[in-house]
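Trainee: Sharing a structure here in C-alpha coordinates format.
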Amino acid sequence: MLNRRRMLQAAFSGAGVAMGMPSPRSFAAPTESGLPSATLRSGGGPKRIVFFMQNQGFDPRTCIPKGMKHSGSLGTAKLPEPISPLEPFKDRLHIINGLHGTHTSPSHSAFFGALGGYRGGDGVPPSGSTIDYELSKVLPQTMLPHLCIGMDSIENMKTKPTIARLSASGAGQPIFMHSNPNHLYQLLYGGIAEGEIRRQHEARSNVMNKIEALAAAKGQSLPAEDQHRYGQFVRGFQDTNGLREQLSTISEHLRQFAPRVDERYAQPECETDWHDRLLDLGISSLTSGITNTLTIGSGRGEIFGAWKGLGIDQQGHNLGHMDQPDNPIWIKIRQYNSRMLVRIMEKLESIPEGSGTMMDNTLIVYTSNNADKQHTNGANWPVMLLGNCGGIFKTGCFTQIDGKRPINSLYTTLLRVAGQNVDRFNMSEQMAKKFDEGNGPLSEVLA
(Lines give C-alpha, C1' and ligand atoms only; values in the text may rest on other atoms or scores of the structure.)
Protein backbone atom coordinates (compact mmCIF):
# COMPACT_ATOMS: atom_id res chain seq x y z
CA MET A 1 0.00 0.00 0.00
CA LEU A 2 1.17 3.51 -0.74
CA ASN A 3 1.91 5.65 2.27
CA ARG A 4 1.75 9.44 2.34
CA ARG A 5 5.51 9.87 1.90
CA ARG A 6 5.60 7.69 -1.20
CA MET A 7 2.58 9.50 -2.61
CA LEU A 8 4.30 12.87 -2.23
CA GLN A 9 7.50 11.52 -3.78
CA ALA A 10 5.48 10.37 -6.78
CA ALA A 11 3.70 13.71 -7.00
CA PHE A 12 6.84 15.78 -6.98
CA SER A 13 8.44 13.52 -9.55
CA GLY A 14 5.36 14.22 -11.67
CA ALA A 15 5.74 17.92 -10.97
CA GLY A 16 9.23 17.82 -12.44
CA VAL A 17 7.78 16.31 -15.58
CA ALA A 18 5.02 18.88 -15.62
CA MET A 19 7.35 21.83 -15.59
CA GLY A 20 8.86 20.85 -18.92
CA MET A 21 6.05 19.09 -20.70
CA PRO A 22 4.59 20.53 -23.90
CA SER A 23 0.91 21.30 -23.51
CA PRO A 24 -1.31 18.36 -24.47
CA ARG A 25 -3.79 18.73 -27.31
CA SER A 26 -7.21 17.40 -28.04
CA PHE A 27 -6.91 13.88 -29.36
CA ALA A 28 -8.63 12.62 -32.50
CA ALA A 29 -10.79 9.55 -32.14
CA PRO A 30 -9.27 6.27 -33.38
CA THR A 31 -10.27 5.21 -36.88
CA GLU A 32 -11.18 1.73 -38.04
CA SER A 33 -7.50 1.14 -38.81
CA GLY A 34 -6.75 1.57 -35.11
CA LEU A 35 -4.81 4.78 -35.59
CA PRO A 36 -6.10 8.25 -34.68
CA SER A 37 -7.40 10.01 -37.78
CA ALA A 38 -4.90 12.86 -37.30
CA THR A 39 -2.02 10.53 -38.01
CA LEU A 40 -3.52 9.59 -41.37
CA ARG A 41 -3.76 13.14 -42.64
CA SER A 42 -1.77 13.53 -45.83
CA GLY A 43 0.41 16.63 -45.83
CA GLY A 44 3.06 15.66 -48.36
CA GLY A 45 5.74 15.36 -45.68
CA PRO A 46 6.62 13.43 -42.54
CA LYS A 47 3.80 12.66 -40.15
CA ARG A 48 6.17 11.88 -37.32
CA ILE A 49 9.86 12.28 -36.58
CA VAL A 50 12.39 10.67 -34.24
CA PHE A 51 15.60 12.31 -33.05
CA PHE A 52 18.22 9.96 -31.58
CA MET A 53 21.09 11.83 -29.89
CA GLN A 54 24.11 9.83 -28.71
CA ASN A 55 26.51 11.67 -26.42
CA GLN A 56 30.32 11.79 -26.66
CA GLY A 57 30.33 12.53 -30.40
CA PHE A 58 29.71 10.66 -33.68
CA ASP A 59 33.02 9.99 -35.43
CA PRO A 60 32.37 9.94 -39.20
CA ARG A 61 34.74 6.98 -39.62
CA THR A 62 32.22 4.87 -37.70
CA CYS A 63 29.49 5.42 -40.29
CA ILE A 64 31.11 6.20 -43.67
CA PRO A 65 32.04 3.10 -45.71
CA LYS A 66 35.78 2.76 -46.27
CA GLY A 67 36.98 4.34 -49.47
CA MET A 68 33.99 6.67 -49.85
CA LYS A 69 35.34 10.21 -50.04
CA HIS A 70 32.73 11.69 -52.35
CA SER A 71 28.94 11.62 -52.50
CA GLY A 72 27.52 8.47 -54.00
CA SER A 73 25.29 5.43 -53.71
CA LEU A 74 25.55 2.99 -50.81
CA GLY A 75 24.33 0.21 -53.06
CA THR A 76 27.58 -1.76 -53.36
CA ALA A 77 29.28 -0.34 -50.26
CA LYS A 78 29.59 -2.24 -47.00
CA LEU A 79 28.60 -0.31 -43.89
CA PRO A 80 31.24 0.00 -41.15
CA GLU A 81 31.03 -2.48 -38.29
CA PRO A 82 29.59 0.00 -35.72
CA ILE A 83 26.44 0.50 -37.82
CA SER A 84 26.38 -2.95 -39.43
CA PRO A 85 22.88 -3.76 -38.04
CA LEU A 86 21.62 -1.17 -40.55
CA GLU A 87 23.03 -3.08 -43.54
CA PRO A 88 19.62 -4.65 -44.45
CA PHE A 89 18.13 -1.14 -44.35
CA LYS A 90 20.82 0.53 -46.47
CA ASP A 91 18.28 1.54 -49.10
CA ARG A 92 16.54 3.70 -46.45
CA LEU A 93 19.73 5.26 -45.11
CA HIS A 94 21.30 8.62 -45.94
CA ILE A 95 24.69 9.36 -44.37
CA ILE A 96 25.61 13.06 -44.30
CA ASN A 97 29.11 14.33 -43.53
CA GLY A 98 30.39 17.90 -43.49
CA LEU A 99 27.71 19.96 -41.76
CA HIS A 100 29.12 22.11 -38.98
CA GLY A 101 28.09 23.50 -35.63
CA THR A 102 31.03 25.69 -34.73
CA HIS A 103 28.66 28.43 -33.59
CA THR A 104 27.18 26.13 -30.93
CA SER A 105 30.52 25.77 -29.06
CA PRO A 106 29.89 22.07 -28.36
CA SER A 107 33.14 21.01 -26.55
CA HIS A 108 31.83 18.42 -24.04
CA SER A 109 28.30 18.92 -25.37
CA ALA A 110 26.27 21.58 -27.10
CA PHE A 111 23.38 20.69 -24.78
CA PHE A 112 20.28 22.61 -26.00
CA GLY A 113 22.38 24.05 -28.82
CA ALA A 114 22.60 20.66 -30.55
CA LEU A 115 18.92 20.70 -31.53
CA GLY A 116 18.61 24.46 -31.24
CA GLY A 117 21.45 25.40 -33.56
CA TYR A 118 22.67 28.10 -31.17
CA ARG A 119 25.38 28.54 -28.55
CA GLY A 120 25.03 26.02 -25.74
CA GLY A 121 26.96 24.93 -22.69
CA ASP A 122 26.76 23.25 -19.31
CA GLY A 123 24.30 25.16 -17.16
CA VAL A 124 23.42 27.53 -20.02
CA PRO A 125 19.63 27.82 -20.44
CA PRO A 126 18.15 27.44 -23.92
CA SER A 127 18.12 30.65 -25.90
CA GLY A 128 15.22 29.49 -28.08
CA SER A 129 13.09 26.54 -29.04
CA THR A 130 14.71 23.42 -30.47
CA ILE A 131 13.89 21.82 -33.82
CA ASP A 132 12.14 18.80 -32.32
CA TYR A 133 9.67 21.01 -30.47
CA GLU A 134 9.08 23.26 -33.49
CA LEU A 135 8.32 20.22 -35.65
CA SER A 136 5.95 18.80 -33.04
CA LYS A 137 3.79 21.91 -33.47
CA VAL A 138 3.39 21.57 -37.24
CA LEU A 139 3.20 17.80 -37.72
CA PRO A 140 -0.27 16.19 -37.66
CA GLN A 141 -1.89 16.89 -34.33
CA THR A 142 -1.52 14.43 -31.48
CA MET A 143 -2.42 14.45 -27.79
CA LEU A 144 1.14 14.88 -26.54
CA PRO A 145 3.01 16.62 -29.37
CA HIS A 146 6.50 15.92 -28.07
CA LEU A 147 7.95 13.15 -25.90
CA CYS A 148 11.58 13.06 -24.69
CA ILE A 149 13.21 10.01 -23.14
CA GLY A 150 16.71 9.97 -21.63
CA MET A 151 19.01 6.98 -21.11
CA ASP A 152 21.82 7.01 -18.55
CA SER A 153 23.40 4.92 -15.79
CA ILE A 154 20.87 3.15 -13.61
CA GLU A 155 21.94 5.28 -10.62
CA ASN A 156 21.32 8.53 -12.47
CA MET A 157 18.00 7.39 -13.89
CA LYS A 158 16.77 6.44 -10.42
CA THR A 159 17.96 9.53 -8.57
CA LYS A 160 17.15 11.99 -11.40
CA PRO A 161 14.10 10.52 -13.18
CA THR A 162 13.67 13.71 -15.20
CA ILE A 163 16.35 16.02 -16.53
CA ALA A 164 16.45 18.77 -19.16
CA ARG A 165 19.50 19.07 -21.41
CA LEU A 166 18.45 18.71 -25.06
CA SER A 167 14.99 20.07 -25.91
CA ALA A 168 13.25 23.37 -25.27
CA SER A 169 9.95 25.02 -26.13
CA GLY A 170 11.44 28.51 -26.07
CA ALA A 171 14.05 30.73 -24.46
CA GLY A 172 14.53 29.60 -20.87
CA GLN A 173 11.90 26.88 -21.28
CA PRO A 174 13.55 23.45 -21.15
CA ILE A 175 11.60 20.25 -21.82
CA PHE A 176 12.30 17.37 -19.46
CA MET A 177 13.38 13.91 -20.53
CA HIS A 178 11.75 10.90 -18.86
CA SER A 179 14.36 8.47 -17.56
CA ASN A 180 12.38 6.21 -15.23
CA PRO A 181 10.22 3.84 -17.29
CA ASN A 182 7.95 3.16 -14.31
CA HIS A 183 6.99 6.83 -14.07
CA LEU A 184 6.51 7.14 -17.82
CA TYR A 185 4.40 3.99 -17.99
CA GLN A 186 2.20 5.34 -15.22
CA LEU A 187 1.76 8.61 -17.09
CA LEU A 188 0.90 7.04 -20.45
CA TYR A 189 -0.79 3.78 -19.48
CA GLY A 190 -1.54 3.97 -15.76
CA GLY A 191 -5.26 4.20 -16.44
CA ILE A 192 -5.32 0.77 -18.11
CA ALA A 193 -2.72 -0.91 -15.91
CA GLU A 194 -3.42 -3.37 -13.14
CA GLY A 195 -2.02 -4.10 -9.70
CA GLU A 196 0.64 -1.88 -8.17
CA ILE A 197 1.07 0.29 -11.26
CA ARG A 198 -2.67 1.10 -11.26
CA ARG A 199 -2.60 1.91 -7.53
CA GLN A 200 0.39 4.20 -7.96
CA HIS A 201 -1.27 5.89 -10.92
CA GLU A 202 -4.46 6.59 -8.97
CA ALA A 203 -2.56 7.78 -5.90
CA ARG A 204 -0.43 10.12 -7.99
CA SER A 205 -3.48 11.43 -9.84
CA ASN A 206 -5.26 12.27 -6.60
CA VAL A 207 -2.24 14.02 -5.13
CA MET A 208 -1.51 15.93 -8.34
CA ASN A 209 -5.12 17.19 -8.49
CA LYS A 210 -4.92 18.39 -4.90
CA ILE A 211 -1.55 20.06 -5.44
CA GLU A 212 -2.86 21.81 -8.55
CA ALA A 213 -5.80 23.26 -6.62
CA LEU A 214 -3.62 24.23 -3.67
CA ALA A 215 -0.97 25.80 -5.90
CA ALA A 216 -3.58 27.82 -7.79
CA ALA A 217 -5.08 29.16 -4.57
CA LYS A 218 -1.74 30.06 -2.99
CA GLY A 219 -0.57 31.86 -6.12
CA GLN A 220 -3.30 34.46 -5.75
CA SER A 221 -1.56 35.95 -2.73
CA LEU A 222 1.82 36.40 -4.41
CA PRO A 223 3.18 39.79 -5.52
CA ALA A 224 2.22 40.67 -9.08
CA GLU A 225 5.76 40.23 -10.42
CA ASP A 226 5.84 36.61 -9.17
CA GLN A 227 2.39 35.58 -10.32
CA HIS A 228 3.43 34.96 -13.95
CA ARG A 229 6.21 32.56 -12.96
CA TYR A 230 3.95 30.85 -10.45
CA GLY A 231 1.24 30.62 -13.09
CA GLN A 232 3.60 28.64 -15.32
CA PHE A 233 4.14 26.24 -12.43
CA VAL A 234 0.41 25.77 -11.96
CA ARG A 235 -0.14 25.28 -15.70
CA GLY A 236 2.44 22.50 -15.55
CA PHE A 237 0.21 20.59 -13.16
CA GLN A 238 -2.83 21.41 -15.28
CA ASP A 239 -1.11 20.07 -18.40
CA THR A 240 -0.11 16.83 -16.70
CA ASN A 241 -3.55 16.31 -15.15
CA GLY A 242 -5.21 17.22 -18.45
CA LEU A 243 -3.10 14.71 -20.36
CA ARG A 244 -3.97 12.02 -17.84
CA GLU A 245 -7.68 12.75 -18.24
CA GLN A 246 -7.47 12.71 -22.06
CA LEU A 247 -5.61 9.41 -22.05
CA SER A 248 -8.36 7.89 -19.90
CA THR A 249 -10.90 8.62 -22.65
CA ILE A 250 -9.10 6.36 -25.15
CA SER A 251 -8.21 3.51 -22.82
CA GLU A 252 -9.46 0.77 -25.15
CA HIS A 253 -7.37 2.16 -28.00
CA LEU A 254 -4.28 2.32 -25.78
CA ARG A 255 -4.62 -1.33 -24.76
CA GLN A 256 -3.59 -2.32 -28.27
CA PHE A 257 -0.23 -0.57 -27.96
CA ALA A 258 0.81 -0.60 -24.28
CA PRO A 259 4.05 -2.55 -23.74
CA ARG A 260 3.92 -5.60 -21.52
CA VAL A 261 5.18 -4.88 -18.01
CA ASP A 262 7.81 -7.35 -16.84
CA GLU A 263 10.21 -7.60 -13.90
CA ARG A 264 12.79 -5.40 -15.62
CA TYR A 265 10.67 -2.34 -14.89
CA ALA A 266 10.84 -2.77 -11.10
CA GLN A 267 14.04 -4.82 -10.85
CA PRO A 268 16.45 -3.98 -13.68
CA GLU A 269 19.67 -5.97 -13.62
CA CYS A 270 21.51 -3.17 -15.41
CA GLU A 271 20.80 0.17 -17.08
CA THR A 272 20.21 -1.30 -20.53
CA ASP A 273 17.12 -3.05 -19.13
CA TRP A 274 15.68 0.40 -18.54
CA HIS A 275 17.05 1.73 -21.84
CA ASP A 276 15.11 -1.00 -23.65
CA ARG A 277 11.93 -0.39 -21.62
CA LEU A 278 12.12 3.34 -22.37
CA LEU A 279 12.52 2.59 -26.07
CA ASP A 280 9.44 0.32 -25.93
CA LEU A 281 7.44 3.16 -24.40
CA GLY A 282 8.76 5.63 -26.96
CA ILE A 283 7.81 3.34 -29.85
CA SER A 284 4.37 2.71 -28.38
CA SER A 285 3.76 6.45 -28.06
CA LEU A 286 4.34 6.72 -31.81
CA THR A 287 2.34 3.66 -32.88
CA SER A 288 -0.61 4.54 -30.64
CA GLY A 289 -0.66 8.09 -32.00
CA ILE A 290 -0.06 9.69 -28.60
CA THR A 291 2.86 11.71 -29.99
CA ASN A 292 4.28 12.75 -33.34
CA THR A 293 7.80 13.64 -32.17
CA LEU A 294 10.10 11.45 -30.12
CA THR A 295 13.51 12.61 -28.88
CA ILE A 296 15.88 9.99 -27.47
CA GLY A 297 18.87 11.18 -25.48
CA SER A 298 21.40 8.40 -24.96
CA GLY A 299 23.59 9.96 -22.31
CA ARG A 300 20.89 12.61 -21.78
CA GLY A 301 22.91 15.35 -23.46
CA GLU A 302 25.60 15.09 -20.79
CA ILE A 303 29.10 13.59 -20.67
CA PHE A 304 27.86 10.66 -18.59
CA GLY A 305 26.10 7.42 -19.53
CA ALA A 306 26.71 3.72 -18.94
CA TRP A 307 26.27 0.48 -20.90
CA LYS A 308 27.21 -2.23 -18.40
CA GLY A 309 24.52 -4.42 -19.90
CA LEU A 310 26.64 -4.64 -23.04
CA GLY A 311 29.64 -5.85 -21.05
CA ILE A 312 31.23 -2.38 -20.92
CA ASP A 313 32.80 -1.43 -17.59
CA GLN A 314 33.96 2.03 -18.69
CA GLN A 315 31.37 4.76 -18.35
CA GLY A 316 30.84 8.49 -18.32
CA HIS A 317 33.46 11.02 -19.32
CA ASN A 318 36.16 8.37 -19.89
CA LEU A 319 34.30 7.09 -22.94
CA GLY A 320 34.71 10.44 -24.62
CA HIS A 321 38.49 10.24 -24.44
CA MET A 322 38.63 7.01 -26.43
CA ASP A 323 39.03 6.91 -30.19
CA GLN A 324 35.80 5.54 -31.62
CA PRO A 325 36.97 3.86 -34.87
CA ASP A 326 37.96 0.19 -34.35
CA ASN A 327 37.30 0.55 -30.63
CA PRO A 328 35.43 -2.56 -29.37
CA ILE A 329 33.66 -0.50 -26.70
CA TRP A 330 32.31 2.04 -29.16
CA ILE A 331 31.46 -0.67 -31.66
CA LYS A 332 29.19 -2.22 -29.00
CA ILE A 333 27.56 1.11 -28.14
CA ARG A 334 26.99 2.11 -31.76
CA GLN A 335 25.68 -1.33 -32.71
CA TYR A 336 23.30 -1.13 -29.74
CA ASN A 337 22.08 2.23 -31.05
CA SER A 338 21.70 0.76 -34.54
CA ARG A 339 19.65 -2.16 -33.22
CA MET A 340 17.39 0.37 -31.50
CA LEU A 341 16.92 2.17 -34.81
CA VAL A 342 16.07 -1.15 -36.43
CA ARG A 343 13.48 -1.87 -33.73
CA ILE A 344 11.81 1.46 -34.39
CA MET A 345 11.75 0.90 -38.15
CA GLU A 346 10.51 -2.69 -37.97
CA LYS A 347 7.68 -1.79 -35.62
CA LEU A 348 6.54 1.16 -37.72
CA GLU A 349 6.87 -0.94 -40.87
CA SER A 350 4.50 -3.53 -39.38
CA ILE A 351 1.60 -1.06 -39.02
CA PRO A 352 -0.40 -0.08 -42.13
CA GLU A 353 -0.97 3.62 -42.73
CA GLY A 354 -2.66 5.08 -45.78
CA SER A 355 -1.45 3.18 -48.83
CA GLY A 356 1.76 2.08 -47.07
CA THR A 357 3.06 1.80 -43.52
CA MET A 358 3.85 4.15 -40.66
CA MET A 359 7.53 3.95 -41.54
CA ASP A 360 6.76 5.32 -45.01
CA ASN A 361 5.67 8.54 -43.29
CA THR A 362 8.39 8.72 -40.65
CA LEU A 363 11.86 10.26 -40.58
CA ILE A 364 14.55 9.23 -38.08
CA VAL A 365 17.47 11.58 -37.44
CA TYR A 366 20.52 10.04 -35.74
CA THR A 367 23.45 12.17 -34.61
CA SER A 368 25.23 13.39 -31.47
CA ASN A 369 24.82 16.37 -29.21
CA ASN A 370 28.61 16.55 -29.38
CA ALA A 371 29.29 16.78 -33.14
CA ASP A 372 32.07 14.34 -34.13
CA LYS A 373 33.96 13.79 -30.87
CA GLN A 374 34.56 14.78 -27.28
CA HIS A 375 36.27 18.21 -26.93
CA THR A 376 35.18 19.12 -30.44
CA ASN A 377 35.02 22.53 -32.07
CA GLY A 378 31.98 21.40 -34.04
CA ALA A 379 33.62 21.77 -37.47
CA ASN A 380 32.10 18.47 -38.60
CA TRP A 381 28.71 17.20 -37.46
CA PRO A 382 27.83 13.81 -39.04
CA VAL A 383 24.15 12.86 -39.33
CA MET A 384 22.27 9.78 -40.48
CA LEU A 385 18.72 9.96 -41.83
CA LEU A 386 16.45 6.91 -42.08
CA GLY A 387 13.27 7.00 -44.15
CA ASN A 388 12.22 8.97 -47.21
CA CYS A 389 8.72 10.13 -46.20
CA GLY A 390 7.03 9.23 -49.46
CA GLY A 391 10.04 9.97 -51.64
CA ILE A 392 10.84 13.44 -50.27
CA PHE A 393 14.30 12.54 -48.96
CA LYS A 394 17.10 10.82 -50.82
CA THR A 395 18.01 7.43 -49.40
CA GLY A 396 20.55 4.70 -50.07
CA CYS A 397 23.34 7.24 -50.39
CA PHE A 398 26.22 9.12 -48.82
CA THR A 399 26.51 12.89 -49.13
CA GLN A 400 29.72 14.81 -48.50
CA ILE A 401 29.16 18.52 -47.82
CA ASP A 402 31.94 21.11 -47.90
CA GLY A 403 31.63 22.18 -44.25
CA LYS A 404 30.21 25.60 -45.06
CA ARG A 405 26.62 24.95 -44.04
CA PRO A 406 25.50 24.58 -40.41
CA ILE A 407 23.23 22.00 -38.80
CA ASN A 408 20.61 24.78 -38.87
CA SER A 409 20.31 24.24 -42.63
CA LEU A 410 19.22 20.64 -42.03
CA TYR A 411 16.69 21.83 -39.47
CA THR A 412 15.41 24.40 -41.94
CA THR A 413 14.97 21.56 -44.42
CA LEU A 414 12.92 19.54 -41.93
CA LEU A 415 10.64 22.51 -41.32
CA ARG A 416 10.25 23.07 -45.06
CA VAL A 417 9.15 19.50 -45.76
CA ALA A 418 6.76 19.76 -42.81
CA GLY A 419 5.08 22.64 -44.60
CA GLN A 420 6.75 25.70 -43.08
CA ASN A 421 7.98 28.37 -45.49
CA VAL A 422 11.21 29.30 -43.72
CA ASP A 423 14.71 30.09 -45.00
CA ARG A 424 16.56 29.86 -41.69
CA PHE A 425 16.18 28.26 -38.29
CA ASN A 426 17.45 30.07 -35.18
CA MET A 427 19.99 32.04 -37.17
CA SER A 428 19.87 35.76 -37.83
CA GLU A 429 21.11 37.30 -41.05
CA GLN A 430 24.15 38.59 -39.18
CA MET A 431 24.93 35.10 -37.84
CA ALA A 432 24.32 33.54 -41.25
CA LYS A 433 26.88 35.82 -42.90
CA LYS A 434 29.48 34.34 -40.61
CA PHE A 435 28.38 30.71 -40.35
CA ASP A 436 26.27 29.83 -43.41
CA GLU A 437 27.36 30.27 -47.02
CA GLY A 438 23.98 29.17 -48.32
CA ASN A 439 20.35 29.95 -47.72
CA GLY A 440 17.19 27.92 -47.33
CA PRO A 441 16.99 24.13 -47.14
CA LEU A 442 19.80 21.66 -47.66
CA SER A 443 19.06 20.62 -51.23
CA GLU A 444 21.54 17.74 -51.12
CA VAL A 445 19.22 15.65 -48.91
CA LEU A 446 16.05 16.17 -50.95
CA ALA A 447 15.00 13.90 -53.80
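The values are calculated or read from the model by the stated rules, or taken from the named source; none is laboratory data. Not measured: the values here are computed from a predicted model. Here Cβ is always computed from backbone atoms with ideal geometry, including for glycine, and neighbour counts include all displayed protein chains. For the accessible areas, the whole protein counts, side chains as well, though only heavy atoms, and no ligand, DNA or RNA atoms are used. Shrake-Rupley method; radii C 1.70, N 1.55, O 1.52, S 1.80 Å.
Trainee: Which residues, taken from region 314-325, are open to solvent by 20 Å² or more (accessible area, probe 1.4 Å) and out of contact with any Pro (no Cβ under 9 Å at 6 or more places or on another chain)?
Mentor: Correct list: 314, 315, 317, 318, 321, 322, 323.
One line per residue, one yes/no per condition, for (1) at pLDDT 95 or above; (2) farther than 22 Å from residue 435 by Cα; (3) buried (at least 18 other Cβ atoms within 10 Å of the Cβ):
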site: 79; (1), (2), (3): yes, yes, yes
site: 98; (1), (2), (3): yes, no, yes
site: 121; (1), (2), (3): no, no, no
site: 141; (1), (2), (3): no, yes, yes
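Trainee: If only one of 136, 109, 127 is touching a Pro at 6+ places or on another chain (Cβ under 7 Å) and not in a strand (DSSP E or B), which one is it?
Mentor: Details: 109 fails: touching a Pro at 6+ places or on another chain (Cβ under 7 Å); 127 fails: touching a Pro at 6+ places or on another chain (Cβ under 7 Å).
Exactly one residue qualifies, and that residue is 136.
Trainee: Looking only at region 146-203, filter to residues that are among the acidic types (Asp, Glu) and modelled with pLDDT under 95; which one of those is surrounded by the fewest Cβ atoms within 10 Å (Cβ to Cβ)?
Mentor: It comes out as 194.
Trainee: Return only the number of the condition from (1) modelled with pLDDT of 95 or more; (2) more than 19 Å from the chain's Cα centre (by Cα); (3) more than 21 Å from residue 109 (Cα to Cα); (4) open to solvent by 10 Å² or more (accessible area, probe 1.4 Å) that residue 398 does not satisfy.
Mentor: (4)
Trainee: Could I ask something else about it? Take the conditions open to solvent by 50 Å² or more (accessible area, probe 1.4 Å), in contact with a Pro (Cβ under 6 Å, 6 or more places away or on another chain) and of a type outside the set (A, V, I, L, M) and apply them to residue 424. Does it pass? Walk me through how you get there before you give the answer.
Mentor: Details: open to solvent by 50 Å² or more (accessible area, probe 1.4 Å): yes; in contact with a Pro (Cβ under 6 Å, 6 or more places away or on another chain): no; of a type outside the set (A, V, I, L, M): yes.
Spelling it out, it is not the case that residue 424 is open to solvent by 50 Å² or more (accessible area, probe 1.4 Å), in contact with a Pro (Cβ under 6 Å, 6 or more places away or on another chain) and of a type outside the set (A, V, I, L, M).
Trainee: Right, residue 128: free of Cβ contacts under 8 Å to residues at least 60 places away in the same chain and of a type in the set (Gly, Ala, Ser) or not? First the steps, then the outcome.
Mentor: Working: free of Cβ contacts under 8 Å to residues at least 60 places away in the same chain: no; of a type in the set (Gly, Ala, Ser): yes.
No, not satisfied.
Trainee: For residues that are modelled with pLDDT under 95 and more than 20 Å from residue 387 (Cα to Cα), scanning just region 435-447, find the one that is least open to solvent (accessible area, probe 1.4 Å).
Mentor: 440
Trainee: Test of understanding: among 57, 67, 75, which residue is part of a loop (DSSP other than H, G, I, E, B) and crowded, with 22+ Cβ neighbours inside 10 Å?
Mentor: Selected residue: 57, the only one of 57, 67, 75 that is part of a loop (DSSP other than H, G, I, E, B) and crowded, with 22+ Cβ neighbours inside 10 Å.
Trainee: Can residue 398 be described as within 26 Å of residue 137 (Cβ to Cβ) and either in contact with a strand residue (DSSP E or B) (Cβ under 9 Å, 6 or more places away or on another chain) or among the small types (Gly, Ala, Ser) (or both)?
Mentor: Values: within 26 Å of residue 137 (Cβ to Cβ): no; either in contact with a strand residue (DSSP E or B) (Cβ under 9 Å, 6 or more places away or on another chain) or among the small types (Gly, Ala, Ser) (or both): yes.
No, not satisfied.
Trainee: Let me ask something else about it. If residue 83 meets every condition in (1) closer than 15 Å to residue 342 by Cβ; (2) surrounded by fewer than 22 Cβ atoms within 10 Å (Cβ to Cβ) apart from one, which number is that one?
Mentor: It is condition (2) that residue 83 fails.
Trainee: Residue 329: under 27 Å from residue 60 (Cα atoms), open to solvent by 20 Å² or more (accessible area, probe 1.4 Å), of a type in the set (Val, Ile, Thr) and more than 16 Å from the chain's Cα centre (by Cα), yes or no?
Mentor: yes
Trainee: Every residue in region 348-387 that is more than 18 Å from residue 402 (Cα to Cα), open to solvent by less than 10 Å² (accessible area, probe 1.4 Å) and aliphatic (A, V, I, L, M), please.
Mentor: Hits for region 348-387 are 348, 358, 359, 363, 364, 365, 385, 386.
Trainee: Consider residue 249 carefully, then state whether it is more than 15 Å from residue 190 (Cα to Cα), among the hydroxyl-bearing types (Ser, Thr, Tyr) and either buried (at least 18 other Cβ atoms within 10 Å of the Cβ) or modelled with pLDDT under 90 (or both).
Mentor: no
Trainee: Name every residue in region 412-425 that is in contact with a Ser or Thr (Cβ under 9 Å, 6 or more places away or on another chain) and in a helix (DSSP H, G or I), in order of residue number.
Mentor: 413 - this is the single residue of region 412-425 that is in contact with a Ser or Thr (Cβ under 9 Å, 6 or more places away or on another chain) and in a helix (DSSP H, G or I).
Trainee: Only residues that are open to solvent by less than 10 Å² (accessible area, probe 1.4 Å), of a type in the set (D, E, K, R) and out of contact with any Phe, Trp or Tyr (no Cβ under 8 Å at 6 or more places or on another chain): list them for region 252-304, please.
Mentor: 300
Trainee: Residue 308: among the basic types (Lys, Arg) and either within 28 Å of residue 442 (Cα to Cα) or buried (at least 20 other Cβ atoms within 10 Å of the Cβ) (or both), yes or no?
Mentor: no
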